[in-house]
1. Helix-only estimate, please: 222 nm mean residue ellipticity of the chain, summing -39500 (n - 2.57) across DSSP H runs of length 4 or more and dividing by its residues, to the nearest 500.
2. What size of dipole, in debye to the nearest 20, comes out for the stretch 253-354 about its Cα centre when the only charges are +1 on Lys and Arg C-beta atoms and -1 on Asp and Glu C-beta atoms?
3. Test of understanding: in a Gaussian network model of the chain with alpha carbons linked when under 10 Å, which of A195, A258, A43 would top the mean-square fluctuation ranking?
4. Give me log10 I(q)/I(0) at q = 0.17, 0.18, 0.19, 0.20 Å⁻¹ for the stretch 223-385, Debye formula, one equal scatterer per alpha-carbon, no solvent.
5. I want to make sure I understand the PRE zone here: with the label point 7 angstrom from the Cα of Q49 toward its beta carbon, which residues in the stretch 287-307 have backbone N atoms less than 14 Å away?
6. With the contact rule set at Cα under 8 Å and sequence spacing of 6 or more, what percent relative contact order holds for the chain?
7. Per 0.36 nm of contour for each residue apart, how much would the distance between Q268 and D252 grow if the chain were fully extended, relative to their Cα-Cα spacing?
8. Please list, in order along the stretch 163-179, the HN-Hα scalar couplings obtained from phi with the Karplus expression 6.51 cos²θ - 1.76 cosθ + 1.60 (θ = phi - 60°), rounded to whole Hz, x for Gly and Pro.
Amino acid sequence: MKPAIAYLAPEIPALSATFVTHEILALKKRGFQVLPISVHQPAAPALDQDAKRLETETVYLYKHGIVSFLSALATQTTLHPARTASAFRLWLADIFNTGLFTRNAAGLTYRFLAAAQLARILKNNNCRHLHAHFAHVPTDIAMYAARMAGIGFSFTSHANDLFERGWLLREKVERSLCAVTISRFNRLFLERLGAPADKISIIRCGVARHLPPADRPHGAIPRIGSLGRLVEKKGVDVLIRAAGNLARQGRDFTLEIAGSGPMQEALQACADSEGLSNKIRFCGPIPNDRVPAWLSGLDIFVLACKPDQNGDMDGIPVVLMEAMAADVPVISTTLSAIPELIQDGVSGLLAKPGDADDLSVQIARMLDDPQLQQRCISGGRALTDGEFSESLNIERIAELFNRLITDYLTTFSRRSY
C-alpha cells in the first residue's frame, strides 16, 4: 500500500468539479490511500454511485467550527511549537502582504485557524502528503496545515483561482513542493508573477473515452448542445444570439442548454427576445453519469466562453474534452488555454470570445461540412486518447506524488523550523 495522501478541495464530491472525484478514485485504484477532505459540504453534490461512496469517506473541515479550530491550535502549539510558530510567521507575512485590514486578511486568519484542525486530521490519519485542488481557499489552508503537520504540500490551479481569486500565488508556488497547473497558458501566467518555473508542472484534467452507442440517435434536424453553469463567463447569452442569427437565416435546428445558475431567467428572456422559444430547451442540471449519453445524441457541442466583468474566465473546460471523448464535434472560443485543446479546423472550431456573429458563422460552417465534422471528431479523439486522456494524466500525478513523498521524506522531514 502506498503512503496516505490527503486531497483538499472546496467541495467533494461536487457536480461542478467531477474531475477531482475522478482523480481521487483513479489514484485509489492505483494503490494510493487517499483521504478526501472538503472545505464545505457540496451545495450541488455529484449524484453518481462512485461520488456517493466517496462522500461517506470525506471529512468536512468547516463543520468542525471555530471552537474546534482554536482547540486544535492550542494542542498544535503545545505539541509542535516550532512548526506552529513557523506557520504563524507565514500567516503574519501574508496578512501584511494582502493588506492588514482587508477581507483577504480576515479570510486568511480564519483559514490559518482551520489549518490547525486540518493538521490534526493529517496526523491522525498518518498522511504523508497534502494536495489541494484550486489555488485560492484550499491552498491557503494547505500551506499553513502542511507546515504545522511537518509534511509537504502541492496544489493544482485551474482558472477562477488564478484569474479572479489569485492572491499570494508566487508565495504559494515557492512554498509548495510542486505547483501543478492544467495548461501552458496558466504556467506562463504564474511565471509572469515571479513564481519559480522549476516548481510548476503541467498536468491536464484528462477524461476517459465514452464510445458512442451503435444506434446513436441523429435526426434530420441538427441538435446543438451546451452544458455548464449559467454564469456570465460561459457565454450562453452569446450562443443564444448566435442561434438567433442562424434562425433568421432560415436554418432549422434545436438547441439544448444544460445546467443551472443565476442567469437562467435572463437567458430565457434572451431566448424569447430572439424568437427562439420553439428551438431552445433549457434542460437543467444533468447527473454526471448521464452526461456521456446526452452528449452522444448531439450533432455539435458549443461552449461560448468569454471573460466576465470581474476578469474571471475558463481555463480548459472539462466538458469540451468530454464532448470530444463522445465523438461530438466541438466549437468554442480563442479564450485563455482553450486553443491548447481545440486546434481550429483540426480538433474543433474557434470563434472570437463574445462575438455572436462569428460564433454563428462557425456553427454554420460545421453544420454544412460533413468532412469537417469527421476531421474534428478524429482530431478530438486523438487528443482525448493522448495528451488529454484521464489514464495518462493520472499516471503523471501518481508519478509526481511518488517522487514528492520520497524526496520530502529523505530530504526535508528532519528539518527544524
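1. -15000 deg cm²/dmol
2. Once rounded to the nearest 20, the dipole reads 140 debye.
3. Evaluated over the chain, the most mobile residue of the options is A43.
4. Here the Debye-derived log intensity ratios amount to -0.96, -1.10, -1.24, -1.39.
5. Correct set: 289-290.
6. 14 percent
7. 3.8 nm
8. With coefficients 6.51, -1.76 and 1.60, one gets 7, 10, 10, x, 8, 6, 5, 4, 5, 5, 5, 4, 7, 6, 6, 7, 10 Hz.
Just so you know, all these numbers are worked out from the coordinates, no wet-lab data involved. What you see is a predicted model; the values in this text were computed from it and never measured. Glycine gets a Cβ as well: all are built from the backbone with ideal geometry, and neighbour counts include every protein chain shown.
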